[in-house]
Structures are given as structure tokens and as C-alpha cells.
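The values are calculated or read from the model by the stated rules, or taken from the named source; none is laboratory data. If you're wondering where the values come from, they're calculated on a predicted model, not measured in any experiment. Cβ placement follows ideal geometry from the backbone for every residue including glycine, while neighbour counts extend to all protein chains displayed.
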């Protein structure tokens, strides 16, 4: 098995699809994981300046602690870099900085002809810099529609990476359409069935007032329909509404109502103690290009937890549509809550067992070895 140099998000946070896949691939190969090198240049605010200075001195993003100890085969490094460099000079400097830091680590780990895996378009300039045997671009989001990204710069990097990639893996059918058909494969998100289907005790901070609870976990960002949530939480005072995850909008955009509970970020391993015990899982997304291309990890996790799911429509849920209460406005969300109260909920998808991360990584390993 060939070793992997992986450019992804900062390791140890709420795990992305890349982290789910790579930690399983590391069972039989060495992995050098390079924490995020950024997708946009910093703006003149305190958060961005701190983040940029962290990257320049080689510090990773703080966040959640990993639920499991790091596998022996995985080495995680922070690097000093220039996030999303624009000019030819800045790109050359960023490349030189990264190669100078990473080549000695690759040599120390005795990685011969590794596979270079990138989940970030901004690694395009590094292709060919590690004597790699192949380049894999794993695209989990439509970066051209992703909020908080330098779209023009990232698009330039992505085009260069696509041209050099031996294989492109895309997380949704819509993302597949962006890339050359002859080297693009659909690799949909999976689920940790053991984590989400093993019964667990309810979290202590879940509301316990006799009312049913509807819940959401994930980043509280601009992909949620806060107007819809305001109307729904106001209309259904007979339900509790629980939200879990980091706030990415300030001030907090959640409704300020007695039946709304914001519980803050939680470790991934804690999520089943919420989603197994609330009565409805929510996916109240806005309809935009980012959501049209997305394949949210929480959809599969919600289904595995066994509680009914209410969601606005997006293409990636089509294979599970008959297992989900689809809703397009507040009246339909409210009607779905009433159906759930009457125990007219959906059943688990029959093919959920096939959607595990273990199955995904087994297929992926064979694909990588065919390069």
C-alpha cells in the first residue's frame, strides 16, 4: 500500500469526510496529514488576523478534541504558510515555504513515491514537489459557492489542481459535473454506523420538560434558513428546538425564544446522545448553489440515529427521499412535526448498511492502488 500526504482541514475537529476516510486508510499505510493551509486571505478583523498569524507561525486551528487517540501511522503537522496566495510571487513564496518544511518530514517518515491527496484547491502548486506517484483531488464542496472563500483565487488554484490530478473524487453528483468525466468518480459521504446506532444515554443538557424536541447539529452559518426557523419556533411553542455547533455568524442568528436552546459545540462522539433522543432531526437549509452541491454528513448520521428527519430539498438526499419528511416552508415543517407526534415516522433506509465509512474506505483503497 502506498503512503499518503494529505492536505485537509485541521485534524482533530469535528471530522470531515476526508478525516473519516483517511483515518481508515491509515490502518495499512503511513499518512502525513498537513493541517489546513487556508482558502482565503485574511481580512482586517481580529479573528482573521489571529488566524493568519497562526498560519504564519505554524499553529493549527483550535477546536474540538479528537475522540480517539491518533493512530500510530498518522503524523499531523502544522506549517507556516501564506493562505490562498494571489500573485505569482506570493504563490512561489508559499510553495517554497511549504516544500522546505514538508520535504524533511517526508524523508524522515521514509515515504517513497507517496500519493498526494488534496481536499483543498490551494495545494495545486505543490503537485510534483514530493516525487509522488499520483495526485488525488477530493472535492467535498463547491468552493465557487462556499461562503468565506476567495472565489476567484481558489478557482484558479482548483483549475490547476484538476489539470494535474490523476483522479478526482467528488462527494455529490452535482460536483461530479464540474470536472472531466474520464477521471472523475462519485464518492458519496458515509456514516459511522457503530457510533450512531449503538444505544447511548441521553445528554444531560437536553431539555427535559415533557415537550418533544427537534434538533440540529452543525455549523450555525449562512446556509441555514433563519427566517424559517424563527417562524417555526414561534409557531410551535409545544416543541423544544435544540441547536448544537459553532456560531459562525455574529450576533447569534437563532431565535431568542423560551423554547429554543443553543447548547454550543460538542465533540463528534457525543452527538448520538442528542440525535438518538430528540424526536425529530432538522435540516433547514436555504436553497443556494452551495447546498445544491452539498452532501451533508449529518444526513446519514441523522438516519443512522433512527429518529425522523425533516429537511428542505437538496439533490444529495434523493436516494433517501422516501425516508425523510420533505418540507419547503414553515407550514410543511409544522405539519411534519405533527405527523411525528402521531408516530407516523419514516423507517430506516434498507441500504444504510452499505453506506458506512468502512465500506467507502475499502472501495477507495482499491481505487487508489489502481493508480
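Go through (1) modelled with pLDDT of 75 or more; (2) under 24 Å from the mean Cα position of the chain (by Cα); (3) over 27 Å from residue 300 (Cα atoms) for residue 94 and report which single condition fails.
Here residue 94 meets the rest and fails (2).
Mind checking whether some residue in the range 279-289 is surrounded by 20 or more Cβ atoms within 10 Å (Cβ to Cβ), farther than 18 Å from residue 213 by Cα and touching a strand residue (DSSP E or B) at 6+ places or on another chain (Cβ under 6 Å)?
no
Could you grab me the full set of residues in the range 285-313 that are part of a loop (DSSP other than H, G, I, E, B), at pLDDT 90 or above and within 17 Å of the chain's Cα centre (by Cα)?
none
Please go through the range 217-229 and give me each residue that is touching a strand residue (DSSP E or B) at 6+ places or on another chain (Cβ under 9 Å) and either in a loop (DSSP other than H, G, I, E, B) or not assigned by TED's automatic domain parsing to the domain that holds residue 338 (or both), ordered by number.
218, 219, 221, 223, 225, listed by residue number.
Of all residues in the range 230-275, how many are part of a helix (DSSP H, G or I) and either touching a strand residue (DSSP E or B) at 6+ places or on another chain (Cβ under 6 Å) or within 30 Å of residue 198 (Cβ to Cβ) (or both)?
Adding up the residues that qualify gives 8.
Conditions tested, residue by residue: (1) assigned by TED's automatic domain parsing to the domain that holds residue 103; (2) surrounded by fewer than 22 Cβ atoms within 10 Å (Cβ to Cβ); (3) under 15 Å from the mean Cα position of the chain (by Cα).
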{"site": "8", "(1), (2), (3)": "yes, no, yes"}
{"site": "12", "(1), (2), (3)": "yes, yes, yes"}
{"site": "17", "(1), (2), (3)": "yes, no, yes"}
{"site": "21", "(1), (2), (3)": "yes, no, yes"}
{"site": "24", "(1), (2), (3)": "yes, yes, no"}
{"site": "27", "(1), (2), (3)": "yes, yes, no"}
{"site": "30", "(1), (2), (3)": "yes, yes, no"}
{"site": "33", "(1), (2), (3)": "yes, no, no"}
{"site": "36", "(1), (2), (3)": "yes, no, yes"}
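Confirm whether residue 320 is in a helix (DSSP H, G or I), in contact with a helix residue (DSSP H, G or I) (Cβ under 6 Å, 6 or more places away or on another chain) and crowded, with 19+ Cβ neighbours inside 10 Å.
Here the answer is no, as residue 320 does not meet what is asked.
Within the range 114-150, which residues are out of contact with any strand residue (DSSP E or B) (no Cβ under 9 Å at 6 or more places or on another chain) and either in contact (Cβ under 8 Å) with a residue 60 or more places away in the chain or surrounded by 23 or more Cβ atoms within 10 Å (Cβ to Cβ) (or both)?
Listed by number, the residues that qualify are 141, 142, 143, 144, 145, 146, 147, 148, 149, 150.
Would you say residue 334 is in contact with a helix residue (DSSP H, G or I) (Cβ under 7 Å, 6 or more places away or on another chain), outside any helix (DSSP H, G or I) and surrounded by 14 or more Cβ atoms within 10 Å (Cβ to Cβ)?
Here the answer is no, as residue 334 does not meet what is asked.
Of all residues in the range 174-199 being crowded, with 18+ Cβ neighbours inside 10 Å and within 24 Å of residue 264 (Cβ to Cβ), which is nearest to the chain's Cα centre (by Cα)?
Among those residues, the one meeting the criterion is 191.
Test residue 214 against the stated conditions and say whether it is in a loop (DSSP other than H, G, I, E, B), at pLDDT 95 or above and touching a helix residue (DSSP H, G or I) at 6+ places or on another chain (Cβ under 9 Å).
When the stated conditions are applied, residue 214 does not pass them.
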